[in-house]
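Notes follow once the structure below has been shown.
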Amino acid sequence: MNAPEKIEPTDGAPGYVQIPLAVYQRLRSQIEREIAVLNEGNDDDSLPFRPEDYVSNPIALARIKARLTQAELAERMGVSQAYVSKVEGKAQVSAKVLQKVQHALQPVAAAVGKRRRDGLVKRKDS
């Protein structure tokens, strides 16, 4: 039998393991009991969505958190949407590109912060 495939989030949080169906079926009742314990006290069955668990590219993550589309970020940077898509698809991004993105996102970050201070945007923890 092959070793289980590990699936790890980018933030170092506990990951997942993909196992053969026969193994899962043997462990299913134990797994369901442990999931029930984890869900105790939860009013709903959902977990909070955290983009950083799924997005490893810093530019894509910053854009998502700023609630911008690729086209909107491209317009702010003075580049094409295709360029933003290409940069977001890279494993590594240069410091120059990061600075350009940071500069393009500054007005967005300031506006979101101001709306939070003015009570127009609620924080997740409130």
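Derivation of every value follows stated rules applied to the coordinates shown; laboratory data play no part. Source: prediction; values computed, not measured. A quick note on method: Cβ atoms are made from the backbone with ideal geometry, for glycine too, and the neighbour counts reach across all protein chains shown.
Order these by the 10 Å Cβ neighbour count, fewest first: 21, 73. Numbers along the way, then the final one.
Numbers: 21 7, 73 24.
By the 10 Å Cβ count, ascending, the order reads 21, 73.
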Rounded to whole Hz, the Karplus (6.51, -1.76, 1.60) HN-Hα couplings of region 25-32, x for glycine and proline: 4, 5, 9, 3, 5, 5, 4, 5
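Counting other beta carbons within 10 Å of each residue's own, what order do 27, 61 fall into, fewest first?
Arranged by neighbour count, lowest to highest, 27, 61 become 27, 61.
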Under the Karplus relation 6.51 cos²θ - 1.76 cosθ + 1.60, θ = phi - 60°, what is the ordered set of whole-Hz ³J(HN,Hα) values for region 76-89, x standing for Gly and Pro? 5, 8, x, 10, 8, 4, 4, 5, 4, 4, 5, 5, 5, x
